[in-house]
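The next block holds one structure in the form of C-alpha cells; read it before the comments.
The values are calculated or read from the model by the stated rules, or taken from the named source; none is laboratory data. If you're wondering where the values come from, they're calculated on a predicted model, not measured in any experiment. No Cβ is skipped: glycine too gets one built from the backbone with ideal geometry, and neighbour counts run over all protein chains shown.
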Amino acid sequence: MNNRSIIIGHIACFCAYCIFGFNIICCKNISNAQVLTPMDLFCLRATGATALFWLLSLFMPKEKVPLKDLWQIAIASFFGLFLTQVSFLKAVTMTTSIDLSIANTCTPILTMFVAAIVLKEPITFKKAGGVLLSLAGVLLLVFNSVGLGGGASETKPMGIVLTIVNALTFALYLGIFRPLISRYNVVTFMKWMFLFSMLMALPFNGRHFVQIPFSQIESKVLWQVAYVVFFATFVAYFLIPVGQKRLRPTLVSMYNYVQPTIATIISIVIGLDHLTWKKVVAMVLVFSGVWIVNQSRAAAPSVPQKNV
C-alpha cells in the first residue's frame with residue numbers, strides 16, 4: 001500500500017477520534033440532563049445515520065451485496081455498533097469519568113490480541129511497547145486532569161462490566177471484519193451497518209423512542225444531540241472504515257487513546273482544566289506510542305483493497 005493511502009488512513013482515524021473526544025463530553029452532558037435514556041440516544045444515532053448514509057448512497061455508484069455478506073454485516077453491526085454504543089452510553093450513567101477513561105484504555109490491547117489470533121498480525125516487542133507507552137500516557141493524563149468531570153458520582157460494578165463489554169466488542173469488530181470492510185465502498189458498508197443496528201434497537205425502545213418530548217428539551221442539549229448524531233455517528237463512522245481499509249486493526253484502535261487527550265485539550269481551552277508539564281508529557285507519550293505501533297511489523301497483505 002502506498003504512503004499516500006496510509007496517510008489518508010491516519011488522517012481519517014485522527015479526525016474520527018477527535019470527534020469522539022468531544023463526543024465524550026456531549027454524552028455526559030446529555031446523560032446529566034436526564035431527558036434521554038441511553039437507548040433513546042442510540043436510537044437517534046442509528047436512525048439518523050441510517051437516513052444519512054442511505055441518502056448519500058443515492059449519489060454513489062451502486063454495489064450489490066450478496067446475502068452471505070449481508071449476514072456478516074449484520075453480525076459486524078451487532079458488535080461494532082449495537083453492543084459497542086449501547087454499552088458505552090449505559091456505562092456513562094454508571095461510572096465516574098476517571099474510571100470510564102481508565103477502563104477504555106484496554107481497547108487497543110484487546111484489539112492487538114484479536115488481530116493476532118484472527119488476522120495473524122504479529123505481536124512484536126515494538127508493537128507491544130508502543131501500546132504500553134501510549135497506555136502510560138493516557139493514564140498519566142487521566143490522573144492529572146480535572147476537566148474530565150460529569151457522568152455518575154460513583155462507579156457501580158455493572159458500569160465497569162459494560163465498559164469492558166464496550167472495549168471487547170469494538171476490538172472484535174476491528175480485528176475480525178477488516179476483510180469484509182475491504183470488499184465494499186464505505187457508504188455501501190455503513191448504510192447496511194446502521195440499518196441493521198436500527199432494526200436491532202427499535203424492538204427494545206421503539207415505543208418509548210417515538211414519545212420523546214423534544215419540545216421540552218433545552219436547546220443546548222438538542223444541539224449536543226445533533227452533534228452526536230451527525231458528527232460522532234455519521235461523520236466519524238464514515239471515517240473509521242476509511243482508516244480500517246488502510247491501517248492495521250491495532251493501529252486503528254490506538255487512536256482510541258486520542259479521545260481523552262482531545263477531551264482534556266477541550267477542557268483546557270474552555271477553562272475547565274489547565275495545562276501542566278505532566279499533561280504535555282502524557283500527550284507526547286500517547287502520540288509516540290501511536291508512531292511506534294505504525295513502525296511495527298505487519299502481517300503479509302492477503303485481501304485486495306478497494307477505493308473508498
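Can L275 be described as modelled with pLDDT of 90 or more and either touching a Ser or Thr at 6+ places or on another chain (Cβ under 8 Å) or not β-branched (V, I, T) (or both)?
Numbers: modelled with pLDDT of 90 or more: no; either touching a Ser or Thr at 6+ places or on another chain (Cβ under 8 Å) or not β-branched (V, I, T) (or both): yes.
It is false that L275 is modelled with pLDDT of 90 or more and either touching a Ser or Thr at 6+ places or on another chain (Cβ under 8 Å) or not β-branched (V, I, T) (or both).
Just need a number here: residues in the stretch 79-99 that are surrounded by fewer than 20 Cβ atoms within 10 Å (Cβ to Cβ) and over 14 Å from the mean Cα position of the chain (by Cα). Counting residues in the stretch 79-99 that are surrounded by fewer than 20 Cβ atoms within 10 Å (Cβ to Cβ) and over 14 Å from the mean Cα position of the chain (by Cα) gives 3. The lone criterion from (1) touching a helix residue (DSSP H, G or I) at 6+ places or on another chain (Cβ under 8 Å); (2) of a type in the set (F, W, Y); (3) over 22 Å from L174 (Cβ atoms) left unmet by F59 is number (1).
Pairing residues of the stretch 151-171 that are over 15 Å from S101 (Cβ atoms) and at pLDDT 90 or above with residues that are aliphatic (A, V, I, L, M) and not in a helix (DSSP H, G or I), at Cβ distances under 7 Å and at least 6 apart in sequence or on separate chains, gives M158/M94.
Return the residues of the stretch 207-238 that are closer than 16 Å to F22 by Cβ and of a type in the set (K, R); say none if nothing qualifies. Within the stretch 207-238, K220 is the sole residue that qualifies. Being under 14 Å from C15 (Cβ atoms) and either buried (at least 18 other Cβ atoms within 10 Å of the Cβ) or at pLDDT 90 or above (or both) holds for only one residue in A232, A226, and it is A232.
Considering I109, I73, I102, the condition of being on the phi < 0 side of the Ramachandran plot and surrounded by fewer than 18 Cβ atoms within 10 Å (Cβ to Cβ) is satisfied by I109 alone.
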